[in-house]
Amino acid sequence: GGAVITRDGKTPDGRKLSGKQLDAAAAKAKTQADRFKRYKGYACPGVIDCYRQHKYSGAIRGTLTVRIGTDGKARRARLTRYRAPRKVRRCIEKLGKSRHIKDFEGPEGDLICTWSGRLTGGVMMLSRGSDYRPLKGAKVKPRPRAAGKKSGGDGLDLPDAK
């Protein structure tokens, strides 16, 4: 998930942490990486169907970026670097605006789907990628804790664990 956690017990700002705190921060980073992996599965479904629905044949490519709000629903969708007729572009943008990540826990960010290839008749050669990128400074919604339970790594403000 991009986290860098060292076992020397020091944070980038020089604070000394115990092994237990470091383990909690590592677990928190892994949970977030797993969450982002699940989110990115929402980026691409249906995009190629827009080409097929409008009987497009030929080279295809594009990048769909969908801003996801704190409630898990799409705020806006933007199609860039595309190769498609207007009706296909409209279909893809409409699809992007309909995205909703189930059981979203934040943080607010961008779902990204990229594709390029060729669609000819029933044959498709395609390269596709998906990602979820949180906005800088966006916060994860705090999970409700059982009464009396300690926070583990939740209270740690570690830049390398975000």
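Within the stretch 106-134, being surrounded by fewer than 18 Cβ atoms within 10 Å (Cβ to Cβ) and under 16 Å from ALA29 (Cα atoms) holds for one residue alone: ARG133.
Just one of (1) more than 24 Å from TYR51 (Cβ to Cβ); (2) touching a strand residue (DSSP E or B) at 6+ places or on another chain (Cβ under 7 Å); (3) not aliphatic (A, V, I, L, M) fails for THR70. It is (2).
Scanning the stretch 40-56 for residues that are surrounded by fewer than 13 Cβ atoms within 10 Å (Cβ to Cβ), more than 20 Å from the chain's Cα centre (by Cα) and not charged (D, E, K, R) yields a single hit, GLN53. Restricting THR70, THR65 to residues that are open to solvent by less than 50 Å² (accessible area, probe 1.4 Å) and hydroxyl-bearing (Ser, Thr, Tyr) narrows the list to THR65. Name the single residue, out of those in the stretch 11-39 being exposed (fewer than 12 other Cβ atoms within 10 Å of the Cβ) and at pLDDT below 80, that is nearest to THR120 (Cα to Cα). That would be PRO12.
The values are calculated or read from the model by the stated rules, or taken from the named source; none is laboratory data. Nothing here was measured: the structure is a model prediction, and the numbers come from that model. With ideal geometry, Cβ positions are generated from the backbone for all residues, glycine too; neighbour counts draw on all protein chains shown. What goes into the accessible areas is simple: the full protein's heavy atoms, side chains included, and nothing from ligands, DNA or RNA. Shrake-Rupley method; radii C 1.70, N 1.55, O 1.52, S 1.80 Å.
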